[in-house]
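Only one structure is covered here, and it is reproduced in the block below.
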Amino acid sequence: MKKWLTMIAGVIMLICISVTVLASDTSETANTVIGVSVYNLNDAEVRAFRNYLENYIGITFNVDFIYSTGILSAEDEIAFIEELHEKGVKGIISFLSTDLEQVLPVCEEYGMYYVRGSGTINNEMFEKVKNNPYFLGVIGPSAEEEQKAAEDMAQYFASEDTERKNQYIITSGGAGVNNEMHRLRTAGILNQLQKSYDLSYEKPVEELVLATDTEKIETGTDIQITIVPGYPSVENLNENLRKVLDDGENNVILSVLSVNSFMDAISACEQEKKEDIQVGAIDCFTEENYELFHTKGYDGKENLDYLVGKYGAIVAPAFVAMENAYEGYAGDYRENGSAFQLQQSFWTATSPKEFDSQYALSIGMYDNTYSAQSMMKVMKAYEPSADFDSFKAFTEKL
């Protein structure tokens, strides 16, 4: 299967070349440059998005992407925006959860378009910034979808725990430092575990999700839940996680972010304790997660048991929105005069077979979820009749 998937990826260049010829025949735009802000260049999801943007969209539509280094605050993103402005870049696709009330006025000052490429912002924030003319909008799972994805993951493991022996670790990422996606996911996990096991927490869930240090939750039962917050790129998450694993009998890890960076700590603990640790993650259909589904850990079990997540091609609508803005059609793609708020859904895999079928769709250029041809149909430079309704249908089709 992996060889077959690799072969598919290997023909990307040939396909892109043929599509590029089509693109060059229908548009005079060349050498478009777009900024991309990310929190960690080494994150598996970030790499999957980057591969699709640079090696498919970039080649097909003659676009260059300038990536940030790790951004963890609005101040960092503003510094990146200023750097892009000095280079003459007119648009930025952001994969962050920074404070838009701080960021967007800078974009407006510089005449720089801004779109959240695959993320979630709360409704209160959206209402405050939706009328900024340089804010194109936000694309990604809704707040309800984020929470439901987390609830479904927690329910999957709880439903198999007929003897009520599971002891849980939640790696909550940036939930406590204003990452709205991670906050929603952590809340979803805690709410569902509480419901599945009839637990009584010592604090409200809304307070528990904001933990910035390792916190063991009193549940009123023998079920143990420990929150381990932090980003692998800036905190020693491996060390903190390993300490919790060594000190307790935790056998299930539910993560709101990629587990690749701390899988070594999990594997080492499995070998020492001679016990399988089940792992579920909300992440992305990446090559790294392919490996985790297809390599065996302790007792021959898969290293990754459950994945709910995005896929590389999910970023295509953000590029389309930016390209339409670059061509002078930003106003045609506003929703009732304001920035748009469009929704995409997650995919879920609970086995290598389920993962493979969806991963192949994500990376396969012949059968891509968002092909170049489908993108052209909602870009006014290629299809003059394209409008917001067709763009919305294209974005939310899955």
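The values are calculated or read from the model by the stated rules, or taken from the named source; none is laboratory data. The model shown is predicted, which means the values in this text are computed figures rather than measured ones. Note: ideal-geometry Cβ built from the backbone for every residue, glycine included; neighbour counts use all protein chains shown. To get the accessible areas, we keep the full protein, side chains included, count just its heavy atoms, and leave off ligands, DNA and RNA. Shrake-Rupley method; radii C 1.70, N 1.55, O 1.52, S 1.80 Å.
If the Cβ limit is 9 Å and pairs must be 6+ apart or interchain, which residue in the range 47-68 that is of a type in the set (Lys, Arg) pairs with which residue that is assigned to a helix (DSSP H, G or I) and open to solvent by 60 Å² or more (accessible area, probe 1.4 Å)?
47/287
Of the numbered conditions (1) open to solvent by 10 Å² or more (accessible area, probe 1.4 Å); (2) over 23 Å from the mean Cα position of the chain (by Cα); (3) among the β-branched types (Val, Ile, Thr), residue 212 satisfies every one except a single condition; which is it?
Single failed check for residue 212: (2).
For residue 316, are the conditions met, namely being in contact with a helix residue (DSSP H, G or I) (Cβ under 7 Å, 6 or more places away or on another chain) and either open to solvent by less than 10 Å² (accessible area, probe 1.4 Å) or modelled with pLDDT of 95 or more (or both)?
yes
Could you list, ordered by first residue, the pairs with Cβ atoms under 9 Å in which the first is in the range 130-159 and of a type in the set (D, E, K, R) and the second is surrounded by fewer than 21 Cβ atoms within 10 Å (Cβ to Cβ) and in a helix (DSSP H, G or I), at least 6 apart or interchain?
Pairs that qualify, where the first residue is of a type in the set (D, E, K, R) and the partner is surrounded by fewer than 21 Cβ atoms within 10 Å (Cβ to Cβ) and in a helix (DSSP H, G or I), are 146/180; 151/191; 151/195.
Quick one: which residue in 264, 283, 305, 246 is of a type in the set (D, E, K, R) and in contact with a Cys (Cβ under 8 Å, 6 or more places away or on another chain)? Spell out the reasoning first.
Details: 264 fails: in contact with a Cys (Cβ under 8 Å, 6 or more places away or on another chain); 283 fails: in contact with a Cys (Cβ under 8 Å, 6 or more places away or on another chain); 305 fails: in contact with a Cys (Cβ under 8 Å, 6 or more places away or on another chain).
Going through 264, 283, 305, 246 in turn, the sole match is 246.
Kindly establish whether residue 254 is at pLDDT 95 or above, touching a helix residue (DSSP H, G or I) at 6+ places or on another chain (Cβ under 9 Å), under 19 Å from residue 175 (Cβ atoms) and not hydroxyl-bearing (Ser, Thr, Tyr).
Numbers: at pLDDT 95 or above: yes; touching a helix residue (DSSP H, G or I) at 6+ places or on another chain (Cβ under 9 Å): yes; under 19 Å from residue 175 (Cβ atoms): yes; not hydroxyl-bearing (Ser, Thr, Tyr): yes.
Here the answer is yes, as residue 254 does meet what is asked.
Of all residues in the range 12-61, how many are modelled with pLDDT under 50, under 26 Å from the mean Cα position of the chain (by Cα) and open to solvent by 40 Å² or more (accessible area, probe 1.4 Å)?
Total meeting the criteria: 1.
Which pairs do you get when a residue that is in contact (Cβ under 8 Å) with a residue 24 or more places away in the chain, found in the range 323-340, comes within reach of a residue that is open to solvent by 60 Å² or more (accessible area, probe 1.4 Å), reach meaning Cβ atoms under 6 angstrom, with the pair 6+ apart or on two chains?
Short answer, once both residue conditions are applied: 338/131.
For the range 328-338, state whether one or more residues are closer than 19 Å to residue 141 by Cβ and out of contact with any Ser or Thr (no Cβ under 6 Å at 6 or more places or on another chain).
yes
Tell me the residue from 366, 298, 311, 306 that is buried (at least 16 other Cβ atoms within 10 Å of the Cβ), at pLDDT below 95, farther than 30 Å from residue 132 by Cβ and touching a helix residue (DSSP H, G or I) at 6+ places or on another chain (Cβ under 9 Å), please.
298 is the lone residue from the list that is buried (at least 16 other Cβ atoms within 10 Å of the Cβ), at pLDDT below 95, farther than 30 Å from residue 132 by Cβ and touching a helix residue (DSSP H, G or I) at 6+ places or on another chain (Cβ under 9 Å).
Restricting attention to the range 164-202, report how many residues are assigned to a strand (DSSP E or B) and at pLDDT 95 or above.
Counting residues in the range 164-202 that are assigned to a strand (DSSP E or B) and at pLDDT 95 or above gives 5.
Exactly one of (1) part of a loop (DSSP other than H, G, I, E, B); (2) open to solvent by less than 60 Å² (accessible area, probe 1.4 Å); (3) out of contact with any Lys or Arg (no Cβ under 7 Å at 6 or more places or on another chain) is unmet by residue 386. Its number?
Condition not satisfied by residue 386: (3).
Give the residue, chosen from 110, 114, that is without any contact (Cβ under 8 Å) to a residue 60 or more places away in the chain and touching a Cys at 6+ places or on another chain (Cβ under 6 Å).
Going through 110, 114 in turn, the sole match is 114.
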